[in-house]
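This report concerns only the one structure given below.
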Amino acid sequence: MARSAVWVCVALGWWIAHDAASGARPISTSQPSAVSSTSTSQDSDHKNSAPAPSPTAVSLSPARINLRAGTSRKFFLQVGAGFQSAMIWRVNGIKGGNASLGTIDADGNFTAPKIPPVQNLVEVEAVSVSRPDISGKAAVAILNPIPAISAVNPKSLSYGEQAITIDGSGFVAGSEVRMNNVALPTKFLSSKRLTTEAKVAPTLGGTLAFTVFNPDPGNGTSVPAAAIVGPDNPKVSYRAAGRFLEQASWGPAPESIAHLQEVGFEAWLAEQFATPATFFKASDSTADNLTDEQSEFFVHAIEGKDQLRQRVAFALAQIFVVSGLKTGQPRQMVPYQNMLLRDAFGTYANVLRAVTLSPTMGVYLDLVNDDKASAGTSPNENYARELMQLFSIGTVGLNADGSETGRPTYDQNTITDTARALSGWTFPGKDLKKGHNPENFDGLMIAVEANHDTGEKTIVGRVKLAASQPAERDLNDVLRALSVHPNAAPFVSLRLIQHLVTSDPSPEYLHRVSGVFVASGGDLKAVVTQILLDPAARAADELTSEGLLGSGQHALATGDRTSAPQSSGHWREPVLAVIAMMRSLGAAVRVDNRLERFPTSLGQRLFYPGSVFNDYSPLYRTSNGVLAPEFELLSSGTALMRANVVRNLIEKGLNGDAQFDLTPLLALAGSPADLVDAVDRAFLYGRLPAALKAEIVTAVSATHDYNLRVRNAIYLVASSALYQVQH
């Protein structure tokens, strides 16, 4: 069927439905099978004409039609099997019509008025010049035009009250401007201009959809026009804010991007360092599950104000690992997680001490109630080994840039003597001369001198511990030796960089962060600040997506010559991926959520790492040698499951645990290109390569279901490799 015919059918269907719904009287169309020889009203053109025999069938085609204001349609008078050519045409009895009712020329071309008349129903009549007894009538319902927007001004909107001008065509006195499908007070200036006022706030994708709605008769809505929204005089760009928040928080939400743009990096960091910690609720439960604590974790991560503290604490938890596989009671896990939150912005030495004396760590790595040697026994070496290998210095000497010296940092004798130096600690409780306190996970372990090995020891760095030192002195000497060891700065700095910014940092990047670690005495505020503001971290803030995927030879316009290599960034580990997607959508989460099932299905069970090495080895490399610890969790199975998680999020809200409003995207669905742009900004801050964006637009356009368009756009962007690997 030709397009015009389809339109006519649709329009006619609307008219009939509208007429029936409104109760208006049906429009009669004159299509007589026989015309009377007596005319009640004839033009002078016909006064000398003699009547002729009536034809068997006369009709004016089309007989009944809906026509948009300002558009045209040709009419034909059909007599039997032929058409009359020389006709007199009238509109509501007026020869040729007029501007208010519509005009019609000698060939039957009817042009509807630009504005529908008050009574929008008009009658078109045709009378044959040669046979005045031959005539026909047609009913025309004049509908409001479909409005079109050509421009929204200002082109970039600022937060707060805004005066907005909409330019375009087809506007009428009752036209209504809508922002994200919400009606705004509208002032009609002309058929080409409307004005309105709106209160603009941060929105999903930083994009607002403006449409114009024309009322009945023939109500219709324009194709949406997109407008970018942001703060006045932003201190950082939208893209830079998005990337920074990927590294410094659980992911950017619309409001957090807006705030960072307004205050800048340094002010944001100062705010975060001053924001009180969001702690887990205290629990004395001995139940062997952490379900409630997992739920609480996701609420804190998605909705908490102390985003930076939580990300750093999570990174510390992946360095100083305990696992619910052995310490899976809430009374054990809660104090440990709260301790990391409390100490996240302290010094590395303080964290190392708190971890060492944590009764939860004491249970996990067997330091609690680990006494000096007696007949047939010796101190357990588990904690002494992991304290050096995983928590402080590693097994091989390091330069400040992370390169290896080739010299081992300790040997078996060092492990044995360190275990002896750490003997004699029991659960918090009353001071004891001998024996052990009962289990208690609130507070730090205390020493029982009678259980401590007081012999001479040699620890890391060949530091000698004199005989007869008390347990507290031996502990302090061990922790001091590890904290000031040359390996500590590059070892700890590398792991923090990996968890926050990139898995395989350049030697120069690591060297700069290590330098801050040493100069500040291991101050984690200073170290984290350097990690996040370092030129290597910020190098890709203004790069195009093609630059990120290409040679990496682009540099910042500010003159910093550090570029973003192709291997920059890191794969979003499952916990981070699930939370980041939710925050990008501005989601809220149920307090009693069970979101932990989703990262678990992807290979990462929150609070239950498989070993003291974490969910993945910090030394894991891809087949081409790139250091990429998180990729150890990636397999063909988890890759498929990850796509399914994205689908569950957008279709089921992660089984109902995530609540979010897609209205800003639905409002753009009538314009697939603008919709994909908004999804690109929400998830990638405008970094989709042009070719990939075009393919997604094509895919989204394949359906006319707006809800499906939005879901498809999110699915294709969020499941893409460009999103799954955080650059």
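The values are calculated or read from the model by the stated rules, or taken from the named source; none is laboratory data. Bear in mind that the values here come from a model prediction, so they are computed numbers and not experimental data. Backbone-built Cβ (ideal geometry, glycine too); neighbour counts: all protein chains shown.
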Within segment 632-687, the count of residues that are basic (Lys, Arg), more than 13 Å from the chain's Cα centre (by Cα) and under 18 Å from Gly586 (Cα atoms) comes to 2
Residues of segment 409-437 being under 19 Å from Val363 (Cβ atoms), out of contact with any strand residue (DSSP E or B) (no Cβ under 9 Å at 6 or more places or on another chain) and in a loop (DSSP other than H, G, I, E, B), which ones? Leu422, Ser423
Which condition from (1) over 17 Å from Phe76 (Cα atoms); (2) buried (at least 22 other Cβ atoms within 10 Å of the Cβ) is the one that Ala99 breaks? (2)
Can we say Val129 is among the β-branched types (Val, Ile, Thr) and either touching a Pro at 6+ places or on another chain (Cβ under 8 Å) or more than 30 Å from Ala226 (Cβ to Cβ) (or both)? yes
Here are the criteria: (1) of a type outside the set (Lys, Arg); (2) surrounded by fewer than 20 Cβ atoms within 10 Å (Cβ to Cβ); (3) assigned to a helix (DSSP H, G or I); (4) under 47 Å from the mean Cα position of the chain (by Cα). Tell me which single one Gly443 does not satisfy. (3)
Cβ-Cβ distance below 9 Å, separation of 6 or more or different chains: which pairs start in segment 618-636 with a residue that is in contact (Cβ under 8 Å) with a residue 60 or more places away in the chain and not assigned by TED's automatic domain parsing to the domain that holds Leu602 and end on one that is of a type in the set (A, V, I, L, M, F, W, C) and not in a loop (DSSP other than H, G, I, E, B)? none
Hey, any hits in segment 212-220 for a residue that's buried (at least 21 other Cβ atoms within 10 Å of the Cβ) and among the small types (Gly, Ala, Ser)? yes
Exactly one of these conditions fails for Val236: (1) of a type in the set (Val, Ile, Thr); (2) part of a loop (DSSP other than H, G, I, E, B); (3) more than 28 Å from Ser568 (Cα to Cα). Give me its number. (3)
Residue satisfying condition, being exposed (fewer than 15 other Cβ atoms within 10 Å of the Cβ) and under 30 Å from Leu496 (Cα atoms), within set Pro438, Pro470, Pro408: Pro408
With the checklist (1) farther than 30 Å from Lys430 by Cα; (2) touching a residue at least 40 places away in the same chain (Cβ under 8 Å); (3) touching a Pro at 6+ places or on another chain (Cβ under 7 Å) in hand, flag the one item Leu444 doesn't pass. (1)
When residues of segment 609-648 are limited to those that are among the aromatic types (Phe, Trp, Tyr) and surrounded by 17 or more Cβ atoms within 10 Å (Cβ to Cβ), the one farthest from Val322 (Cα to Cα): Phe631
When segment 381-408 is checked residue by residue, the ones that are under 24 Å from Gly362 (Cβ atoms) and touching a Ser or Thr at 6+ places or on another chain (Cβ under 9 Å) are Glu381, Tyr383, Ala384, Arg385, Leu387, Met388, Gln389, Phe391, Ser392, Ile393, Gly394, Thr395
Can you confirm whether Asp674 is surrounded by fewer than 18 Cβ atoms within 10 Å (Cβ to Cβ) and either over 21 Å from Leu245 (Cα atoms) or charged (D, E, K, R) (or both)? no
Here are Gln310, Gln261, Gln294: which of them is free of Cβ contacts under 8 Å to residues at least 40 places away in the same chain, assigned to a helix (DSSP H, G or I) and either hydrophobic (A, V, I, L, M, F, W, C) or not assigned by TED's automatic domain parsing to the domain that holds Leu532 (or both)? Gln261
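Let's see how each residue does on (1) under 30 Å from Ala86 (Cβ atoms); (2) touching a residue at least 24 places away in the same chain (Cβ under 8 Å); (3) basic (Lys, Arg); (4) loosely packed, with under 14 Cβ neighbours inside 10 Å:
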position	(1), (2), (3), (4)
Ile142	yes, yes, no, no
Pro145	no, yes, no, no
Thr165	no, yes, no, no
Ser169	no, yes, no, no
Leu189	no, no, no, yes
Arg193	no, yes, yes, no
Gly206	no, yes, no, no
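Yes/no matrix, rows are residues, columns are (1) part of a helix (DSSP H, G or I); (2) touching a Ser or Thr at 6+ places or on another chain (Cβ under 9 Å):
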| site | (1), (2) |
| --- | --- |
| Glu630 | yes, yes |
| Val646 | yes, yes |
| Gly653 | yes, no |
| Asp661 | no, no |
| Leu688 | no, yes |
| Thr698 | yes, no |
Would you confirm, using the coordinates I've provided, whether Glu695 is free of Cβ contacts under 8 Å to residues at least 24 places away in the same chain, out of contact with any Gly (no Cβ under 8 Å at 6 or more places or on another chain) and surrounded by fewer than 20 Cβ atoms within 10 Å (Cβ to Cβ)? yes
Can you tell me which residues in segment 232-285 are buried (at least 18 other Cβ atoms within 10 Å of the Cβ) and at pLDDT below 95? none
Need pairs with beta-carbon distance below 6 Å; first residue assigned to a loop (DSSP other than H, G, I, E, B) and modelled with pLDDT of 95 or more and within segment 583-605, second crowded, with 20+ Cβ neighbours inside 10 Å and among the β-branched types (Val, Ile, Thr); sequence gap 6+ or separate chains. Gln604/Val575
Just to be sure before I move on: is Ser374 polar (S, T, N, Q), within 22 Å of Ala447 (Cα to Cα) and at pLDDT below 95 in the structure I sent? yes
Inter-residue pairs, beta-carbon under 7 Å, first assigned by TED's automatic domain parsing to the domain that holds Thr418 and in segment 464-493, second surrounded by fewer than 15 Cβ atoms within 10 Å (Cβ to Cβ) and part of a helix (DSSP H, G or I), 6+ apart: Pro470/Glu449; Ala471/Glu449
